[in-house]
Amino acid sequence: MTLVKVLKLSGLLLLLALLLGTGWLFMKVERRPLDAPLISAPMPGAPVGMDGGAVAWMAELYRDSGVPSVTAAVGLKGELLWAGAIGHADLSAAVPATPETRYRIGSISKPITAITAMRLQEKGVIDIDAPFATYVPDFPSAPAGYSLKQLLSHQAGIRHYAGMAEAWSDTPYPTTRDAAAVFVADPLLFPPGKGFAYSSHGYTLVALALEKAAGQGFETLVQAEVLGPAGMGRTGLDRKGVRDADDATGYMRAGGLLFPVFADDLSNRYAGGGFRSTAIDLVALGNGLITGALLQPATRDLLWTPLALADGAMNPERYALGFRVGEDDLGRFVHHGGTANGGAAMLLIYPDLGLTVALCTNDSAGDAAFDRLAAARRLARLFAGK
């Protein structure tokens, strides 16, 4: 047996041991059919024949990635152009995925939270440059002086998940303050502004500050400030034990096999990774930003401007406020991916083209299944006419 095979087998055995040890035992192995149901839905005004390239894109992605399903949508200058789906939302029940299927979107929750914050900034409810302590003075690390902007850009020094117990949590946290208790006693990783450390827990503190400033719960604020105005009627918090008929069953891969995932609890990370959505709703989010329905142009530009560190060096991920920023031959783009237990997604926006692309899958593999950003850029190219 080769070393590679030994390592793969060891990894699989370790995973099984962890699952047995925590009680999270997968009950069955699922088979992914080679021939998958496919839906392509071009909207009025879409370029004639453009959906043919999108269908080929979906079929290739499904064939090569091994994911149970992929849904995708494309918007241009505020309008939905196309939506499609391939594969199954639930394998054992043979439920086809549709453009209305809801998936866990993981860290694409961060742009939703960041836009909520910027809407409240425009209303004068918060000041993102103000210290977090302005809103939550009794939080132990607040005296360090980090701002909401530094929390939104991962420069506050708040840590990320510590081990599988937090990444795959099964503990319910009734309130945002309860969720923040997970890391309340931990020191900062660096002085605010002097480093970059991606942190979903940092977004929990953003949510806590918004709640304190506005006097409303985080879910209520997001609904009023983002989901409602953007028309994202199929998006909401993923609450354990609450299932919509259109929710995709999530899967995890081990040793090349697909297993339904265990039922975890995302209440320790709602603001940073706890939403479900559809590809169509994610395109609606991008459309709302492009048309100005969600934010004024100056605020949107701030949302999409990468923040340098205190020493003037650009942060290593070109992270802005809830978005990463890149550029290719189509122009400047902003994006964010997300992975969660049983789901992965990508949101991609080309501001100068007015073009938004979103895709979702019900597989935890994320970029191990396929490069989500590269796939989204390929789909964008089809509708950009290049």
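The values are calculated or read from the model by the stated rules, or taken from the named source; none is laboratory data. Quick caveat, the model's predicted, so the values are computed rather than measured. Every residue, glycine among them, receives a Cβ derived from its backbone with ideal geometry; neighbour counts consider all protein chains shown. Calculation scope for accessible area: heavy atoms of the full protein, side chains included, ligands and nucleic acids excluded. Shrake-Rupley method; radii C 1.70, N 1.55, O 1.52, S 1.80 Å.
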For this session: Six or more apart or on different chains, Cβ under 6 Å: which pairs go from a residue in segment 259-282 that's under 16 Å from Thr235 (Cβ atoms) to one that's basic (Lys, Arg)? Could you list them?
Result: Gly272/Lys110; Arg276/Arg102; Arg276/Arg104; Thr278/Arg102; Thr278/Arg234; Asp281/Arg234
For this session: Output the residues belonging to segment 77-111 that are open to solvent by less than 10 Å² (accessible area, probe 1.4 Å) and of a type in the set (Lys, Arg).
Result: Lys110
Exercise. Of the residues in segment 194-210, how many are under 19 Å from Asp129 (Cβ atoms) and either among the hydrophobic types (A, V, I, L, M, F, W, C) or in contact with a Ser or Thr (Cβ under 7 Å, 6 or more places away or on another chain) (or both)?
Worked result: 8
Exercise. Restricting attention to segment 289-326, which residues are surrounded by 17 or more Cβ atoms within 10 Å (Cβ to Cβ) and among the basic types (Lys, Arg)?
Worked result: Arg300, Arg324
Seminar exercise, completed: When segment 238-288 is checked residue by residue, the ones that are surrounded by fewer than 24 Cβ atoms within 10 Å (Cβ to Cβ), of a type outside the set (Asp, Glu), at pLDDT 95 or above and not in a loop (DSSP other than H, G, I, E, B) are Asn287, Gly288
For this session: Considering only residues that are within 20 Å of the chain's Cα centre (by Cα) and outside any helix (DSSP H, G or I), look in segment 174-203 and name the one that is farthest from Asp311 (Cα to Cα).
Result: Ser199
Exercise. Does any residue in segment 136-153 that is basic (Lys, Arg) come within less than 6 Å, Cβ to Cβ, of a residue that is part of a loop (DSSP other than H, G, I, E, B) six or more places away or on a different chain, and which pairs are these?
Worked result: Lys149/Ile128; Lys149/Asp129
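Being open to solvent by 20 Å² or more (accessible area, probe 1.4 Å) and either more than 22 Å from Val325 (Cβ to Cβ) or at pLDDT 95 or above (or both) is the filter here; which residues of segment 351-368 pass it? Walk me through it before giving the result.
Quick first cut of segment 351-368, residues open to solvent by 20 Å² or more (accessible area, probe 1.4 Å) only: 351-353, 364-365, 367-368.
Once the filter is applied, which keeps residues that are open to solvent by 20 Å² or more (accessible area, probe 1.4 Å) and either more than 22 Å from Val325 (Cβ to Cβ) or at pLDDT 95 or above (or both), segment 351-368 yields Pro351, Asp352, Leu353, Ser364, Ala365, Ala368.
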Exercise. For segment 51-60, which residues satisfy the criterion of being touching a strand residue (DSSP E or B) at 6+ places or on another chain (Cβ under 8 Å) and open to solvent by 20 Å² or more (accessible area, probe 1.4 Å)?
Worked result: Asp51, Val55, Ala59
Exercise. Restricting attention to segment 184-217, which residues are closer than 26 Å to Thr339 by Cβ, open to solvent by 10 Å² or more (accessible area, probe 1.4 Å) and of a type in the set (A, V, I, L, M, F, W, C)?
Worked result: Val184, Leu188, Leu189, Phe190, Phe196, Ala197
Seminar exercise, completed: Exactly one of Arg253, Arg239, Arg243, Arg234 is closer than 15 Å to Thr339 by Cα and of a type in the set (D, E, K, R), and that one is Arg253
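Among the residues of segment 129-158, what is the count of those that are over 19 Å from Leu307 (Cβ atoms) and not aromatic (Phe, Trp, Tyr)? Even if it seems obvious, please write down each step before you answer.
Let us first name the residues in segment 129-158 that are over 19 Å from Leu307 (Cβ atoms), namely 133-143.
Subsequent filtering for residues that are not aromatic (Phe, Trp, Tyr) retains 133-134, 136-138, 140-143.
Number satisfying all stated conditions: 9.
Here is a check on your reading of the model: is Glu225 open to solvent by 20 Å² or more (accessible area, probe 1.4 Å) and either over 17 Å from the mean Cα position of the chain (by Cα) or more than 26 Å from Arg159 (Cβ to Cβ) (or both)? Walk me through it before giving the result.
Numbers: open to solvent by 20 Å² or more (accessible area, probe 1.4 Å): no; either over 17 Å from the mean Cα position of the chain (by Cα) or more than 26 Å from Arg159 (Cβ to Cβ) (or both): yes.
Here the answer is no, as Glu225 does not meet what is asked.
Please work out if Ala156 is part of a loop (DSSP other than H, G, I, E, B), within 21 Å of the chain's Cα centre (by Cα), small (Gly, Ala, Ser) and closer than 27 Å to Leu303 by Cβ.
On the way: part of a loop (DSSP other than H, G, I, E, B): yes; within 21 Å of the chain's Cα centre (by Cα): yes; small (Gly, Ala, Ser): yes; closer than 27 Å to Leu303 by Cβ: yes.
Here the answer is yes, as Ala156 does meet what is asked.
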